[in-house]
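S.K.: Structure provided below as structure tokens; questions to follow.
The values are calculated or read from the model by the stated rules, or taken from the named source; none is laboratory data. Computed from a predicted model, the values in this text were never measured in an experiment. We place every Cβ from the backbone using ideal geometry, glycine too, and count neighbours over all the protein chains shown.
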Amino acid sequence: MIEALALSASAAALAAAVALFRRSARAERAARRDVLADCAALLDGGALTVDQAGYGVLRGRFAGREVALRPFAEQLAFRRLPQLWLVTTVRTPIETAASIDVLRRPTGTEFYSPGEGLPERVAPPASWPQDARVRGSAGCAALLARLEAPLAATLADPRIKDVFVAPGGVRVVSQLRQGERGSYLIFRDSVFAGARATPDEAARALGLALELSTAAGAIPERRDAIAA
């Protein structure tokens, strides 16, 4: 009788643990999916899809340009709390054949930075943070000159992690949230409190990427193409 009661209690405890795990997993999936849910109204034709990691990706048009917002989590850096990054992309033709990537505080774990694929290492201008790694394609000097002043202001914000400018547009990686210290130190778990982005945060990220595309030499859209 005692053994039967013990088995029953164990089964009940196991069932409760499974139910708790499933609720937690559902909540995590919903949290990832909805990081950008409040920002869709910012975009013309805004559409939210879900990537392989479960994060919601927002695409549409902003100020007449094709844009995308994509969050992703990263916790590979040594002695640093997990980071929830926001990738803001503006797809627009830029009057250049060159590419430049600027990465703040490189650790060697930035798998999302395309700089390693660029052949030229460039010294950061004096007005930029000197912890920036700058790499570019051949002939990137003219593009760098255009970007020096606007990027000096951009890179002064410690939340900016990576800026990539290429003939097809601009991509900015910025910090959206930092992981909770207690959850990471005790459980090595990535918990981002208040991960849901606000429309103001998304608008600032989009505005910055658009400003950089203009400074880099974005080609204005034709009026007839806009009307169409």
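S.K.: If I go through the stretch 41-56 residue by residue, how many of them are part of a strand (DSSP E or B) and buried (at least 18 other Cβ atoms within 10 Å of the Cβ)? First the steps, then the outcome.
M.R.: Residues of the stretch 41-56 that are part of a strand (DSSP E or B), as a first pass: 44-50, 56.
So of that shortlist, the ones also buried (at least 18 other Cβ atoms within 10 Å of the Cβ) come out as 48, 56.
Counting residues in the stretch 41-56 that are part of a strand (DSSP E or B) and buried (at least 18 other Cβ atoms within 10 Å of the Cβ) gives 2.
S.K.: Exactly one condition in (1) surrounded by fewer than 21 Cβ atoms within 10 Å (Cβ to Cβ); (2) at pLDDT below 95 is false for Ala215; which is it?
M.R.: (2) is the only condition that Ala215 fails.
S.K.: Right, Ala68: under 27 Å from Gly136 (Cβ atoms), of a type outside the set (Phe, Trp, Tyr) and without any contact (Cβ under 8 Å) to a residue 40 or more places away in the chain or not? Show your work before the answer.
M.R.: Working: under 27 Å from Gly136 (Cβ atoms): yes; of a type outside the set (Phe, Trp, Tyr): yes; without any contact (Cβ under 8 Å) to a residue 40 or more places away in the chain: yes.
Criteria met by Ala68.
S.K.: Would you be able to say whether some residue in the stretch 82-102 is in contact with a Leu (Cβ under 8 Å, 6 or more places away or on another chain), of a type in the set (Asp, Glu) and either part of a strand (DSSP E or B) or not assigned by TED's automatic domain parsing to the domain that holds Ser213 (or both)?
M.R.: Yes - at least one qualifying residue is present in the stretch 82-102.
S.K.: Given Leu208, Leu155, which one is more than 14 Å from Leu86 (Cα to Cα), surrounded by 16 or more Cβ atoms within 10 Å (Cβ to Cβ), modelled with pLDDT of 95 or more and not polar (S, T, N, Q)? If you could, list the steps in order and put the result at the bottom.
M.R.: Values: Leu208 fails: more than 14 Å from Leu86 (Cα to Cα).
Going through Leu208, Leu155 in turn, the sole match is Leu155.
S.K.: Which one is nearest to Val87 (Cα to Cα), of the residues in the stretch 158-180 that are in contact with a helix residue (DSSP H, G or I) (Cβ under 8 Å, 6 or more places away or on another chain) and of a type in the set (Val, Ile, Thr)?
M.R.: If we take residues in the stretch 158-180 being in contact with a helix residue (DSSP H, G or I) (Cβ under 8 Å, 6 or more places away or on another chain) and of a type in the set (Val, Ile, Thr), then Val172 is nearest to Val87 (Cα to Cα).
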